[in-house]
Amino acid sequence: MKTKAYAALSAQSPLAPYTIDRRAIGLQDVAIDILYCGVCHSDLHTARGEWGGVKFPCVPGHEIVGRVREVGNGVQDHKIGDIVGVGCMVDSCRQCHSCDEGLEQYCESPLGFAGTYNGHLRGGDANTYGGYSAAIVVDRHFVLKVSHRADQLAAVAPLLCAGITTWSPLRHWGVGPGKKVGIVGIGGLGHMGVKLAAALGAHVVALTTSETKRQAALDLGAHEVVISTDPDQMAKCTTQLDFILNTVAAPHSLDAYLTLLKRDGAMVLVGVPPQPHPSPMVFNLIGQRRSLAGSLIGGIAETQEMLDFCAKHDIVSTIEMIKMSEINEAYDRMIKSDVKYRFVIDMASL
Ligand code: NAP
Ligand code: ZN
Ligand code: ZN
């Protein structure tokens, strides 16, 4: 079906109106009219070719909330009219060990999981198109149930990537009461990291390069704020933290943060800068038996768990709504860390 969208035709071209073709629904498919789509820094990295390997035209967007328009005959768990979400994945092999464990993001098949955009479907589209579009057709397994209030739906959209990408490592590393947790970079991911870590009962320290975000970080739920460019403030935090979630989208020195960890503490990287970070000092790792690790989005079951937790605890993203036509300006502001804290596109503006 012909569907309105916004696409980048090359890494150099701004996003512009474009018409895509959505497949007819199959037995297991859900057709969704998209209401809102969040704007992730990964959309920008991809559309501008910063990570390489991009198939153009590129239609980004993997923080999707919409209403079910049609379901295939084999779909029992979603009904016409339901409010649903789609995150970063639309397919995986569903046979490997990781898929069996509900960790589809680590699918071990040669194709791996299929990204919602710039992904490859098994036996189907060689280039998937994401949520900067009027509608999407997705296999039921990758469709999430949204139980937030109707007036919260725009602010729910960012939970589908920023929410799950911070939730998954916070849970995996046992963040909760009695843990002192640093969140580095108070952008789309980081502000969700602050909200979720606080809701899980941890003591949260927001680490930001932006003095202007100090009060806002406290309002988001941080118990302390450290301006990471101020060596005195950083020094006071040395060996204080159990865990750090680093969401920064640009290469930077990891040593300044590693030294904040206690013995046996861990820093998990979720930010994916286009160029590598300078290598950390090995002494900063061995000295206190610290770990440096990474984490990729989250599985479908844990995404549902996170959405349900957020609905129960009244947690949504803090957003700035934009029209589809404002997307290129939004990207430029995101590079300047000038977003409070996630742009969400109102798809009615498409
Ligand atoms: P974002 O909204 O742009 O936030 C990034 C934040 O990092 C900025 O707001 C800023 O916070 C801080 N920052 C930026 N440049 C910095 C620098 N040079 N030094 C120190 N801090 C800097 O981006 P996002 O959407 O949260 O995404 C963050 C990164 O995660 C991106 O690379 C994205 O591709 C990646 N990502 C990864 C996954 C995954 O599965 N691992 C999933 C989604 C996104 P302050 O102003 O507070 O310093
Ligand atoms: Zn994302
Ligand atoms: Zn698999």
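Worth pointing out:
- So residue 202, is it over 14 Å from residue 247 (Cβ atoms), away from ligand 2 (no atom under 16 Å from the Cβ) and in contact (Cβ under 8 Å) with a residue 24 or more places away in the chain: yes
- Selection status of residue 328, over 30 Å from residue 106 (Cβ atoms) and in contact (Cβ under 8 Å) with a residue 12 or more places away in the chain: yes
- The condition of being crowded, with 19+ Cβ neighbours inside 10 Å, modelled with pLDDT of 95 or more and not small (Gly, Ala, Ser) holds for only one of 322, 286, 297, that being 297.
- Condition check for residue 160: surrounded by 21 or more Cβ atoms within 10 Å (Cβ to Cβ), touching a residue at least 24 places away in the same chain (Cβ under 8 Å), hydrophobic (A, V, I, L, M, F, W, C) and within 16 Å of ligand 2 (Cβ to nearest atom): yes
- The residue that is farthest from residue 272 (Cα to Cα), among those in region 23-41 that are within 16 Å of ligand 2 (Cβ to nearest atom) and not in a strand (DSSP E or B), is 39.
- The number of residues in region 73-114 that are assigned to a loop (DSSP other than H, G, I, E, B), within 16 Å of ligand 2 (Cβ to nearest atom) and among the hydrophobic types (A, V, I, L, M, F, W, C) comes to 2.
- Output for region 247-265, where each listed residue is part of a helix (DSSP H, G or I) and in contact with a Lys or Arg (Cβ under 8 Å, 6 or more places away or on another chain): 258
- Residue in region 115-137 that is assigned to a helix (DSSP H, G or I) and within 16 Å of ligand 1 (Cβ to nearest atom) present: no
- Region 83-115 - residue that is of a type in the set (A, V, I, L, M) and under 16 Å from the mean Cα position of the chain (by Cα) and, of those, farthest from ligand 3 (Cβ to nearest atom): 86
- Matching residues in region 266-314 - criterion: being in a helix (DSSP H, G or I) and assigned by TED's automatic domain parsing to the domain that holds residue 198: 282, 283, 284, 285, 286
Residue-by-condition table, conditions (1) of a type in the set (Gly, Ala, Ser); (2) surrounded by fewer than 14 Cβ atoms within 10 Å (Cβ to Cβ); (3) closer than 24 Å to residue 316 by Cα:
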site: 95; (1), (2), (3): no, yes, no
site: 106; (1), (2), (3): no, no, no
site: 115; (1), (2), (3): yes, no, yes
site: 130; (1), (2), (3): yes, no, yes
site: 141; (1), (2), (3): no, no, yes
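The values are calculated or read from the model by the stated rules, or taken from the named source; none is laboratory data. Since we're looking at a predicted model, the values are computed, not measured. Neighbour counts are summed over all protein chains in view; Cβ atoms, including those assigned to glycine, are modelled from backbone coordinates with ideal geometry.
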